[in-house]
Amino acid sequence: MSAPGQRKPRDLRREEFARYKDDVKREGKPFFPYAMFHDTVMSLVVVAVIIGLACIWYFTSGEEPGDSGILGPRYTAEADPATTQFVPRPDWYFYFLFYLLRIFKWPESVVIGTVGIPTVLMILLFALPFIDVRAERRPLRRPVAMTALLLTAISMGILTYKGATAEEATAANEETINAVMEANNLPASVKPGVTLFFQSGCTSCHTYAGEGSSNAGAPDLTSIGAQEGKDAAYFKRYVSNPRAFGNNVMPVFQGLGDENLQKLAEFLEASKGSAGPGGG
């Protein structure tokens, strides 16, 4: 307990801190050694954390593919460059842009989602310090800044969640392929073409019997074979090189090879809707 007339340690600390703030305000704070020391310490902490995580990953995982440790496996199966079933997805911090592309489907409006909205928001972010120029630091006294912060956090949070949970147009499994064939009365001979259709990424732009997603103005192909003058030979030429038919949006699938193109063509020729070649 302090003696009568003696100031408490807490009061002394407050006075010392007040003098320190006055000195910093009057004379400034030199870059060396203060800022350099802080940056160095923080850099060492970050590097130490990365090294520590790398060690945990390495020493807790096995040497065989699939042997997972605390932070995942050391090795996985070898990449297959010829796969048609891999669905690329962005890292989680790009999910909000990823979902914007689902809202603004190209080619007509893709520039809005990829350039327009992000650019406008970035300009507003840079302009915010010039719009709200008050020296007030309390959040509740800064309605413009707090409103911008909350709207940004809410919109990015919702878009990130929607992007993370969005279902992809992936290669259909055996059950789905069989259901599509049965619903459209497709003959068993075109099943390889159906499988190839779903595994080659066609459902990224086309829909078929409710499967896939419609993008880039691509038509539904459920009844494409019912159109007059379109037989297997036509479809084979079209899929092989859409450019020859004036379609500059659809990719060229000539690399699938003659045999696979024939399978796809026979499947598309047999696609006549729910009636199908075997229906009424």
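We did not get these values from a lab; they are worked out from the coordinates using the rules stated. In this text, all values refer to a predicted model and were calculated from it rather than measured experimentally. All Cβ positions, glycine included, derive from the backbone under ideal geometry; neighbour counts span all protein chains shown.
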Inset, instruction - Starting from the Cα gyration tensor of segment 174-270, multiply each eigenvalue by 5, take the square root, and state the resulting semi-axes largest first in whole Å. - result: 19, 15, 13
Inset, instruction - Run a plain Debye calculation on segment 133-221 (Cα atoms as equal point scatterers, no solvent) and give log10 I(q)/I(0) at q = 0.15 Å⁻¹, rounded to two decimals, same order as the q list. - result: -0.67
Inset, instruction - Mean Kyte-Doolittle of at least -0.5 plus a Cα span of 30 Å or more along the axis: flag which DSSP H helices in the chain meet both, please. - result: 36-60, 143-165
Inset, instruction - Alpha carbons only, please: Rg and Dmax for segment 92-165, in angstrom. - result: 14.8, 45
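How would you order 9-15, 142-148 from highest to lowest mean count of nearby Cβ atoms within 10 Å? Show your work: numbers first, answer last.
Details: 9-15: 10.4, 142-148: 13.3.
So the peptides 9-15, 142-148, ranked by packing, come out 142-148, 9-15.
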Inset, instruction - Can you tell me the order of 260-273, 224-237 when each peptide is scored by its average per-residue count of other Cβ atoms within 10 angstrom, highest first? - result: 260-273, 224-237
Legend entry - Net charge dipole size for segment 136-223 [Lys, Arg +1 and Asp, Glu -1 on Cβ; Debye, nearest 20]: 920
Inset, instruction - Would you kindly give the portion of the calculated P(r) for the chain that falls above 33 Å, as a percent of all Cα pairs? - result: 55
Legend entry - Selection from S271, I123, G229, by position along the positive dipole direction of the chain (Cβ): I123
